[in-house]
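See below for the structure under consideration.
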Amino acid sequence: MELKIDAEVFLFDLDGTVYLGDQPIDGAIETLKMLTAMGKKVFFLTNNSSKDKSEYVLKLNKIGYPAVKEQVLTSTMATIQYLNTRRKGKSVYPIGTPTFVAEIKAAGIEVKEDADIVLLAFDTTLTYDKIWKANILLEKGREFMATHPDIVCPSDIGDMPDVGALMALLECSCGRAPSVICGKPYSPMAEIINSIVNVEKEKIVMVGDRLYTDILFGINNGYQSLLVLSGETTPEMLASSGIQPTHVLPSVKEIIA
Ligand SMILES: [Mg+2]
């Protein structure tokens, strides 16, 4: 048995990397279990801010990997840490699911309509009214933040417009893009990791299927990056991209050969 990647900490994206919809990627669960048995630290990093971490723990458990809460890191966590350290005392108008709003409130962040910051999250409960209210605040010059930049979220029946698509809508109507984005590929997500693992950055690898979030996250933050071709990126997309990973494998199954 040979480990193809020389790392101590493995950060896994979820959709397109560990599973596709409700189905684990072939060999993914075995790889995760073997890495864990080898004493490697395994974490799951998702930009999806519509759900809380307990839902990911449940899903991973259901498909056969005994994940615990401490292994799951979301863009919501990175956003909360950013707000509580760099925007202390500022109020927020969130565009997000009830789960997201409950999470930020539980972290002590004030939520109100006439807020200091418009915070865009992946809102699968989006209404026109929310977009309109956000636009009014942005026209008044309030700060614009987003949890993550993904343009679409994959689903079994077709892509779902994600935060990146909503950013484009608001940029069109108010003339501004977010000044801060907290999830992959940006540094607030890495600050969470750097605060819980104590190894050199070169011994950390980000494993994912998306170039502009997962792989760029590795590059931006000094980690190794491993692109798996089990999700959104095709060999043609990789060949024509300016974002080039440290390693490329067909899927996470091949991490251990
Ligand atoms: Mg993915």
Can you say whether Met189 is within 16 Å of the ligand (Cβ to nearest atom) and assigned to a helix (DSSP H, G or I), as far as the supplied structure shows? yes
Top-ranked residue of segment 166-185 - restricted to ones that are in a loop (DSSP other than H, G, I, E, B) and farther than 12 Å from Gln81 by Cβ, ranked as nearest to the chain's Cα centre (by Cα): Lys184
Identify, from the list Ile136, Ile151, the residue that is in contact with a strand residue (DSSP E or B) (Cβ under 9 Å, 6 or more places away or on another chain), of a type in the set (Val, Ile, Thr) and modelled with pLDDT of 95 or more. Ile151
Take the residues of segment 15-30 that are part of a loop (DSSP other than H, G, I, E, B) and buried (at least 19 other Cβ atoms within 10 Å of the Cβ): which is farthest from the ligand (Cβ to nearest atom)? Ile25
Residue in segment 210-243 that is farthest from the ligand (Cβ to nearest atom), counting only those that are without any contact (Cβ under 8 Å) to a residue 24 or more places away in the chain and surrounded by fewer than 24 Cβ atoms within 10 Å (Cβ to Cβ): Gly222
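The values are calculated or read from the model by the stated rules, or taken from the named source; none is laboratory data. Quick caveat, the model's predicted, so the values are computed rather than measured. Here the Cβ is made from the backbone with ideal geometry for all residues, glycine too, and neighbour counts use every protein chain on show.
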